[in-house]
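The values are calculated or read from the model by the stated rules, or taken from the named source; none is laboratory data. Keep in mind that this is a model prediction, so the values were computed, not measured. Cβ sites come from the backbone with ideal geometry, for glycine too, and all protein chains shown count toward neighbours.
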Amino acid sequence: MADLRLFRDRDYVETPEGLLFTVVGNVHPNDGVIAYLKYLPSSDGKWGSGDKRFRRALPYYTIPMLLDTVSFLKENYPQYVKFIDELEVEMSMVPLSMVAKHYKPEERLRELTSSPRDELEEMVAELSQVIADEASIPIDDLGVTGSVLIGIHKPFSDIDLVVYGRRSALKVREALRSLYREPRRGVSGLPQERFEELLERRQRLFNLSKRDAQAICERKWNRGSFKGKDFSMHPVKKEHEVNEVFGEFKYKPIGMATIRGVVADSSDALFMPSKWRVEDVKFLEGVSVEGLVELCSFEGLYMGVVGEGERFEAKGKVEAVYRRGRLSHYRLLIGSPEAKGFDYVKPVQ
């Protein structure tokens, strides 16, 4: 039986006021969708056309910038901000009653594949077919997100794709790595100049040294170039792959820490949030606990940046994880408001 299609990571939702939110993750409360404000109506916005123009509320996805959007919403649209008890964090959330439209990436890709309306939509359709062919996956496992999904893209817009399901995501990862090694069919890695630009931006936005930023960026397989246009690829779980319901786990903050350890399982590091099972953990700075066995990152930069058997260093917020009211384990969270953008995960020798 086919999965019941729920709200998925990188879907978009639109509110009655025309606010456009990006959905975060696949696990949501019964009465709302956890999402961040990405675009809002603006008469002089660069996106959209005619009398429907938009500006970006979130220039880049970093936690400090995300907190700025929450502050903006609290002041102007407080109905979209909620303190989420289970996570012990104040976050933007769109109540189900305020979802005027739900944008689904796979439906939009089907639509523009059958009848593209402009050159960028043609490129999206062509790139998706190339990736589906090279990875030997059904094109139905792909979708388009970002400005193209919501139909406000411009010629300068990048292409942001999603791939659904772990199996297809792993095949796409291998296909893209192969295409970067031996460019063909218009697909290649980022040109050196563009790579250097991204490197500088990530150093600045994520407070990283050049060495650490380079080590992380060189491991990123999900950004490339198609006929000179930047594209990104984002794995998203299908519903049957999501093994928790909202509220099953509750998280209590303990304090900040820097740790080192070894990755035992990275099979969930492809997705948002990225999760790793870890072992041989040693605390270098900050608080210390027994039984820290998980890393969890809401910063997309760190998606899959360390693999099984690798040593890592990470800085973040230690949380006690309760399952159905009982202490289960401890985890280190990357992407918390408390860290103010100074948390990270990186490979170490």
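For the reader, a short list of remarks on this structure follows.
- No other residue among Val187, Val172 is aliphatic (A, V, I, L, M) and closer than 30 Å to Glu14 by Cβ apart from Val172.
- Residues being surrounded by fewer than 18 Cβ atoms within 10 Å (Cβ to Cβ), among the acidic types (Asp, Glu) and assigned to a strand (DSSP E or B) - total across the range 278-298: 3
- Residue list for the range 194-227, restricted to those being surrounded by 13 or more Cβ atoms within 10 Å (Cβ to Cβ), of a type outside the set (D, E, K, R) and within 20 Å of Ala314 (Cα to Cα): Leu199, Gln203, Leu205, Phe206, Asn207, Leu208, Ala213, Gln214, Ala215, Ile216, Cys217
- Top-ranked residue in the range 53-64 [being surrounded by fewer than 16 Cβ atoms within 10 Å (Cβ to Cβ) and touching a residue at least 12 places away in the same chain (Cβ under 8 Å); ranked as farthest from Val13 (Cα to Cα)]: Pro64
- For the range 314-349, the set of residues classified as touching a residue at least 60 places away in the same chain (Cβ under 8 Å), of a type outside the set (Gly, Ala, Ser) and more than 18 Å from Gly304 (Cβ to Cβ) consists of Lys317, Val318, Glu319, Val321, Tyr322, Arg323, Arg324, Tyr330, Pro337, Glu338, Lys340, Phe342, listed by residue number.
- Among the residues examined, Val162 does not qualify as within 19 Å of the chain's Cα centre (by Cα), hydrophobic (A, V, I, L, M, F, W, C) and surrounded by fewer than 18 Cβ atoms within 10 Å (Cβ to Cβ).
- Residue ranges of strands (runs of 3 or more DSSP E) in the range 72-124 with at least 2 members over 30 Å from Tyr322 (Cβ atoms) and in contact (Cβ under 8 Å) with a residue 24 or more places away in the chain: 101-103
- Residues of the range 303-349 classified as surrounded by fewer than 19 Cβ atoms within 10 Å (Cβ to Cβ) and part of a helix (DSSP H, G or I), total: 2
- Condition check for Phe83: more than 26 Å from Gly186 (Cβ to Cβ), in contact with an Asp or Glu (Cβ under 7 Å, 6 or more places away or on another chain) and either in the same structural domain as Arg177 (by TED's automatic domain parsing) or of a type outside the set (Val, Ile, Thr) (or both): yes
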